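Novice: This is the structure I want to talk about, given as structure tokens.
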Amino acid sequence: MKKLFKFVGYFLGAIVLLLLAGFIYFNSKYPDVDKPKNVKVEITPERIKRGEYLANHVTGCMDCHAVRDWSKFSGPPKPGTMGKGGDKFGKELGFPGTIYAKNITPAGIGNWTDGEIIRAITQGVNKDNKALFPLMPYLGLNHLTQNDLYSIVAYIRSLQPLENNVPETELDFPLNLIVKTIPPKTYTPSPEPDRNDPVSYGKYLVTIADCAGCHTPSEKGEPKPGMDFAGGQEFVFPQGTLRPANITPDNETGIGNWTKEDFILRFKSFDSDSARNMMVDPNGFNTIMPWTLLAGMTEEDLGDIYSYLRTVKPANNLVMHFTPAKN
């Protein structure tokens, strides 16, 4: 009997050692990404202007990395908080842990190299080699052209330093391990899209803006087949459940009957001081769609996005945009 117990003890000990070795190996291998590039972005007024446009109105950087005023429709950023971070995405909103948007002003990442910033934006790995939760849309930003990427870096470098000590993100098991396998290994700049080809440039804008991230329903973290841009993904908030719209060209349930002018006007209707200060009932409907930020896109860019969306496969999917919470 003693020999049996001894054997079982050795066996269990061996299993523990194997598990420990596997854990150490996994954490040493992942995230499996390239080291930060040794680059220095030349900061020019043109780059800062382009970066400001992209970060504020296209790629959604300030959608998360600013303090948004949820007492107003679409939560416009509060003046003077650009890059400050601190937004919390917790379990009460359906997230697998507690995720915080970091401070990306020079007060937060001033000691990062340009290569480290570039890697975080395009590969989702920070200065300390920690993988970022893909709420940070690095899978889409991995398709940035070099000029647009460098412009965003230049703009971030130009932000006013704002002190804000943001807590660390904490993910539940096993996602805290899975997230380490998500970052792409490398960043290869996308070729400059043809600005004279509305569909091609529209696709580029939709990709770096990560429109599919909200407008494509998913199941267990994977997009549902055949439902690209079909809407309906649920976002649970205390006041109710929000579901992004179907933006495929389906005539019955999508935007198939919209003209380009309709599409552009839908965004531009929020491009005014009154729209940015539209108060809402704290217990009623609001939206996570950053209308007042996206409204700053040029009509040409919005028109190109419309042109691309007309080419995606229509999906018949009727979406109920808001369901109030039960009291």
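Just so you know, all these numbers are worked out from the coordinates, no wet-lab data involved. Please read these numbers as outputs of a predicted model, since none were measured by experiment. Neighbour counts are summed over all protein chains in view; Cβ atoms, including those assigned to glycine, are modelled from backbone coordinates with ideal geometry.
Novice: Where Rh is the Kirkwood radius over the Cα pairs of the stretch 193-327, the temperature 10 °C and the viscosity 1.306 mPa s, what D in µm²/s does Stokes-Einstein return?
Specialist: Rounded to a whole number, D works out at 100 µm²/s.
Novice: May I ask for the Kirkwood hydrodynamic radius of the stretch 36-190, worked out over all distinct Cα pairs and given in angstroms to one decimal?
Specialist: About 15.9 Å, per the Kirkwood formula over Cα pairs.
Novice: Picking from K37, K88, K220, which is most flexible by a Gaussian network model of the chain using Cα springs under 10 Å?
Specialist: K220
Novice: Under a Cβ-Cβ cut-off of 14 Å, what is the net charge of the residues other than A107 that fall near it, where Lys and Arg count +1 and Asp and Glu count -1?
Specialist: Residues near A107 contribute +2 overall.
Novice: Follow-up question, since we're still on this one. Stokes-Einstein diffusion coefficient for the stretch 107-245 at 10 °C in a medium of 1.306 mPa s, Rh from the Kirkwood formula over Cα pairs: what value in µm²/s?
Specialist: So the translational diffusion coefficient is about 93 µm²/s.
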